[in-house]
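Values quoted throughout were computed directly from the atomic coordinates according to the rules given, and no laboratory measurement underlies them. What you see is a predicted model; the values in this text were computed from it and never measured. All Cβ positions, even for glycine, are placed from backbone atoms using ideal geometry, and neighbour counts span all protein chains on display.
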Amino acid sequence: MVQLKEYLLPIILTIIIGACTDSNNAEESRLSLKGEQFKVTQGDLYVADFLAVTDSMIVFSSYDRNGNVKVYKKDDCTISESYTILRKGRSEREIHFVLPKFIDRNIMAFDKHGANGISKFLKVKLSVEKPINWSVEQTTWLNDIQTFGDFTVINDSTIIAIAGKWKSKEILSSIDLKNNLRTPLKFWIEDKQQAPDQNKQVLYSANAQIALNSDRTKLVYACGEGRFMDIMGFDGQNITSHNVVLNILPEYVYNGRKTSIRNKEYRGIKIATTDRYIYVTYSNTVENKEYKGYPGYFKDRIDVYDWDGNIIQRYETDQPFYNFIVSNDDSCLYTLSHDNETKEPTLLYYKL
């Protein structure tokens with residue numbers, strides 16, 4: 001019997017190790033995607049990021065002084081620039097520093113002046129041919145907060161923004177535009193680093209993203225540094241629970257004046273959400289290093305989670321990209337990249 005046990009033990013260990021290896025390989029295996037390139041028949045693709053994709057149009061944010069938002073008509077594999085809105089300026093329908101989002105066929109945008117405060121909130125309903133139904137809310141009562149870019153909408157009058165009182169432990173705020181009321185949400189990331197609150201506030205707010213699910217019961221936060229994502233329960237007013245799906249916090253040091261990132265890998269994640277899923281970029285490329293012949297901030301891997309935090313799928317595109325969006329029915333992935341020879345921007349789509 002002893003000899004039999006001694007004989008079986010290496011076999012059992014081999015099976016266990018093999019099973020673990022197979023499990024790890026399965027976990028990291030990715031479905032390869034081959035893209036098709038859109039043809040631009042009018043205008044150009046010098047845009048910043050996706051705001052929305054519908055059956056008839058693609059909407060981008062833009063650095064163009066003539067319009068912070070560009071609307072393109074979409075037809076099969078071609079797009080044509082239709083019009084731009086939110087010109088830089090200080091008139092009612094112009095904007096100085098735009099923070100746009102596309103929700104329910106509306107472009108919504110903050111106008112931010114200087115380091116702090118929000119001076120107005122614009123809402124523009126879009127069609128393929130022209131903008132309709134402008135509305136402008138003056139929000140100078142929000143001049144005491146620091147805003148960091150992203151926001152999402154609870155209802156017609158209330159939003160959640162990555163914003164808070166400067167030099168405080170505030171990252172997220174609920175803003176009631178109807179009643180001129182801001183309420184900080186109880187959300188703060190505790191880490192082991194020694195640094196003032198204001199430095200941590202900037203670190204965990206800058207380049208971060210938030211989004212609500214379709215029934216407004218879950219709020220996802222994606223950090224702009226490290227690889228951290230928290231899917232939180234939300235009751236319309238308060239955060240009720242936390243589900244930290246990704247938990248790699250940024251490593252940094254504080255020298256008495258500023259914070260410096262130590263880890264050169266995992267420099268933040270970018271997300272796109274639909275009613276069913278959260279799409280998350282995966283990249284551990286060292287900063288300032290090329291990635292497959294592209295700049296280091298380009299990516300080609302996307303992990304898909306449901307709103308409960310379960311991993312659903314892992315994709316790898318045939319061409320690295322710098323921004324992406326997914327159709328709300330989860331049938332198509334769109335990416336912004338560039339031609340490696342001409343450096344001209346390109347728009348691709350992938351069937352999922």
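Numbers for the structure displayed
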| read-out | value |
| --- | --- |
| Calculated [θ] (222 nm, deg cm²/dmol) that DSSP helices of n ≥ 4 give over the chain, each run adding -39,500 (n - 2.57) | -3000 deg cm²/dmol |
| Sites GLU341 and GLN237, calculated FRET efficiency, Cβ-Cβ separation with R0 41 Å, nearest 0.05 | 0.20 |
| Sorted by Cβ neighbour density within 10 Å, fewest at the top, the residues ILE312, ILE145, ILE239, ILE132 | ILE132, ILE312, ILE239, ILE145 |
| Residue order, fewest to most beta carbons within 10 Å, for SER127, SER62 | SER127, SER62 |
| Alpha carbon convex hull of the chain, projected area averaged over orientations, nm² | 22.4 nm² |
| Under-5 Å amide H pairs with PHE228, H placed in peptide plane, nonlocal only | CYS223, ILE248, ILE269 |
| Dipole-positive endmost among PHE50, LEU333, LEU86 within the chain (Cβ charges, Cα centre) | LEU86 |
| Those residues of the range 174-189 whose amide nitrogen sits under 13 Å from the label point placed on VAL244, 7 Å along Cα→Cβ | 188-189 |
| Under the Karplus curve 6.51 cos²θ - 1.76 cosθ + 1.60, θ = phi - 60°, whole-Hz ³J(HN,Hα) for the range 243-260, x wherever Gly or Pro sits | 10, 7, 7, 10, 9, 9, 7, x, 9, 8, 10, 10, 9, x, 10, 8, 9, 10 |
| Environment charge at VAL202 (Cβ cut-off 11 Å; Lys +1, Arg +1, Asp -1, Glu -1) | +1 |
| Pairs from LYS270/LYS299; LYS88/LYS123; LYS101/LYS218; LYS39/LYS125; LYS101/LYS270; LYS178/LYS200 whose Cα-Cα separation, in the structure shown, is over 20 Å | LYS39/LYS125; LYS178/LYS200 |
| Residues with amide H under 5 Å from that of TYR252, placed H, sequence gap 5 or more | ARG262 |
| Cα long-axis angle, helix 2-28 against the chain (0 to 90 degrees, to the nearest 10) | 20 degrees |
| Relative contact order (%) - criterion: Cα under 8 Å, at least six apart; region: the chain | 12 percent |
| Exposure proxy ranking, count of Cβ atoms within 10 Å, fewest first, for THR217, THR140, THR84 | THR140, THR217, THR84 |
